[in-house]
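Take a look at the structure below.
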Amino acid sequence: MLPDIKKGQLLKVKAPPYFEKEYIYEVTGAGDKMIRANLHHSPRVKKNWTREELEISLEMGIVALVPEGDSST
C-alpha cells in the first residue's frame with residue numbers, strides 16, 4: 001500500500017541505468033491518479049508517476065521517502 005504522500009514531501013530516486021546515483025525530488029502534486037515532482041532546487045527537471053508505478057518503485061527500492069527531519073538534503 002502506498003504511504004500518504006503530500007505536496008512538499010521529499011523522495012530519494014535512484015537513476016538508471018545502474019541505479020547507483022540518487023537524486024532528491026520534491027513532490028509538487030499528489031492527486032488520486034498522478035504524483036508529480038521536481039528535482040529539488042531545480043524546477044526544470046520534472047518527473048511523474050501513477051500511484052501504481054510509485055508503489056512498485058517504493059517496493060523495489062528505486063524510490064524512497066526521505067524522513068522529514070533528514071538534514072542531508
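Miscellaneous remarks
- Built amide H within the under 5 Å cut-off of Ile5, gap 5+: none
- Candidate values [x] 12.8; [y] 12.4; [z] 14.6, label of the one derived for Kirkwood radius over Cα pairs in Å: [y]
- Protein heavy-atom surface of the chain, 1.4 angstrom probe: 51% of the accessible area is carbon and sulfur, with nucleic acids and ligands not counted.
The values are calculated or read from the model by the stated rules, or taken from the named source; none is laboratory data. Bear in mind the structure is a predicted one, so any value in this text is a computation, not a measurement. Side chains are part of the model used for accessible areas, which takes the heavy atoms of the whole protein and leaves out ligands, DNA and RNA. Shrake-Rupley method; radii C 1.70, N 1.55, O 1.52, S 1.80 Å.
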